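Just below is one structure, and these are the notes that go with it.
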Amino acid sequence: MNRKEEKILLSHGNGGLKMHELITGLFVKHFGNKILKQQSDSAILTPGSEEIAFTTDSFVIDPLFFPGGNIGKLAVCGTVNDLSVSGAKPMFISVSFIIEEGYPMKDLETIVISLAAEAKKAGVLIVTGDTKVVNKGKCDKLFINTAGIGRINKAKRLAGKFRSIKPGDLILINGPIGEHGMAVMNARESFNFKTPVVSDCASLNHLIGEVLDHTTSVKFMRDPTRGGVATVLNELTASKKFGISLDEAALPVGKGVKAMCELLGFDPLYVANEGKVLIVAAEKECERILKIMSKHELGIHSAIIGKVVSDHPGKVVLVTETGGKRIIDSLSGDPLPRIC
């Protein structure tokens, strides 16, 4: 961590470079152990004869309600997805509430009902939790913290498989990018764009389960939340002997997201998603994986968007629709704070 910075900035929580510096330079430095140093979405643990995945997350989104969901639904989806991309079957979650004094009970009940419904849909049990109420003005309405546990099937275990990534492997995604971030931004700022944008907030465990049930060629999965697709791919290539080439023409971007991004000066590659999974897999299996994903309701618009290459090692390069090339760097600023 840069010691010249004496105070925390919003960019320390955006999933990009500043957040990486904070995690490695402060938290990992003092909490460090071989499990934590993996810095994956879920820790893979062996408390007995079987492996489990364990994750935690906090949700501070503003506003609490947005097109396509609310903080309750988001809390379940975010936790379930972190477990799922580790190759685990989500089983149990905890839910803790920090509530500001004076928050409307009817709104809280709406959020709780939504949270329960999404947990049921995902097939996970809410087994423990906590509730705290703080004085008015000491918290912004409502924050939620979760933890999740999933069972690892050794045949589907993904931990460590990223080391087998090599040039020729392909990159897939299960649909249009940037929908969550733009939906939240539109709700927060009340832009009232004519083309509505709805968050992609969804639990991906059933989709991911279908993929892992039918192939062993998946080498990497990650849900591109804060920092978007660009940040995940930069983390993947950092200090590696391979690079990534993205095909702009193949990137699925909805009309609403594209219009908002052009007007507001955002790049969809850096905008958060809450219902998308990036997959790196061996080329020979990618068409098969694509067919599996496309048959699922959350993967109808799945696409192959890029390739692992030996050129430009350690870098992500976008091949534009006009044939040009530009480097896609890691996110450094924080254009969209509090989107999850």
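Values in this text are rule-based calculations from the coordinates and carry no lab data. These figures come from a predicted structure and were not determined experimentally. Positions of Cβ are generated from backbone atoms using ideal geometry, with glycine treated the same way; all protein chains shown enter the neighbour counts.
Tabulated results
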{"read-out": "For the chain, built as a Gaussian network whose Cα springs stay under 10 Å, the top-fluctuating residue of Ala281, Ala230, Ala259", "value": "Ala259"}
{"read-out": "Loop GluC sites (Glu not before Pro), segment 232-326, which have at most 16 other Cβ atoms in a 10 Å radius of their Cβ (DSSP)", "value": "Glu297, Glu321"}
{"read-out": "Full-extension gain in nm, His214 to Leu26, via 0.36 nm per residue minus C-alpha separation", "value": "63.6 nm"}
{"read-out": "Relative contact order for the chain, counting Cα pairs under 8 Å that sit 6 or more residues apart, in percent", "value": "23 percent"}
{"read-out": "Cα→Cβ-extended label distance, 7 Å offset, between Ala259 and Glu287, nm", "value": "3.7 nm"}
{"read-out": "Global geometry of segment 161-327, whether rounded, prolate or oblate, following the gyration tensor of its Cα atoms and the 1.5 cut on a/c", "value": "oblate"}
{"read-out": "Options Val253, Ile23, Ser58, ranked by Cα towards positive dipole end of the chain, top entry (Cβ charges)", "value": "Ile23"}
{"read-out": "Longest segment of the chain lacking trypsin sites (Lys or Arg not before Pro) that sit in a DSSP loop with at most 12 other Cβ atoms within 10 Å", "value": "35-135"}
{"read-out": "Value of relative contact order over segment 161-327, rounded to a whole percent, pairs C-alpha under 8 Å and six or more apart", "value": "43 percent"}
{"read-out": "Top positive-direction residue, dipole computed over the chain with Cβ charges, set Thr46, Leu212, Phe266", "value": "Thr46"}
{"read-out": "Two-decimal log10 I(q)/I(0) for segment 245-296, as the Debye equation yields it once each C-alpha is a single scatterer, q = 0.17, 0.18, 0.22, 0.29 Å⁻¹", "value": "-0.71, -0.78, -1.01, -1.26"}
{"read-out": "Cα gyration tensor category, rounded, prolate or oblate, for the chain with a/c compared to 1.5", "value": "rounded"}
{"read-out": "Over 26 Å between alpha carbons, listed pairs Lys120/Lys255; Lys120/Lys161; Lys37/Lys240; Lys166/Lys295; Lys106/Lys194", "value": "Lys120/Lys255; Lys120/Lys161; Lys166/Lys295; Lys106/Lys194"}
{"read-out": "Stretch gain in nm, segment Ser96-Asn33, where the contour uses 0.36 nm per residue and the Cα spacing is subtracted", "value": "20.1 nm"}
{"read-out": "DSSP-loop GluC sites (Glu not before Pro) across segment 1-79, with at most 10 other Cβ within 10 angstrom", "value": "Glu6"}
{"read-out": "10 °C / 1.306 mPa s Stokes-Einstein diffusion coefficient of segment 40-156, Kirkwood radius on C-alpha pairs, µm²/s", "value": "107 µm²/s"}
{"read-out": "Cα gyration tensor shape for segment 14-91, rounded if a/c is under 1.5, else prolate or oblate", "value": "oblate"}
{"read-out": "Helix-only [θ]222 nm of the chain, DSSP H runs n ≥ 4, -39500 (n - 2.57) each, per residue, nearest 500", "value": "-8500 deg cm²/dmol"}
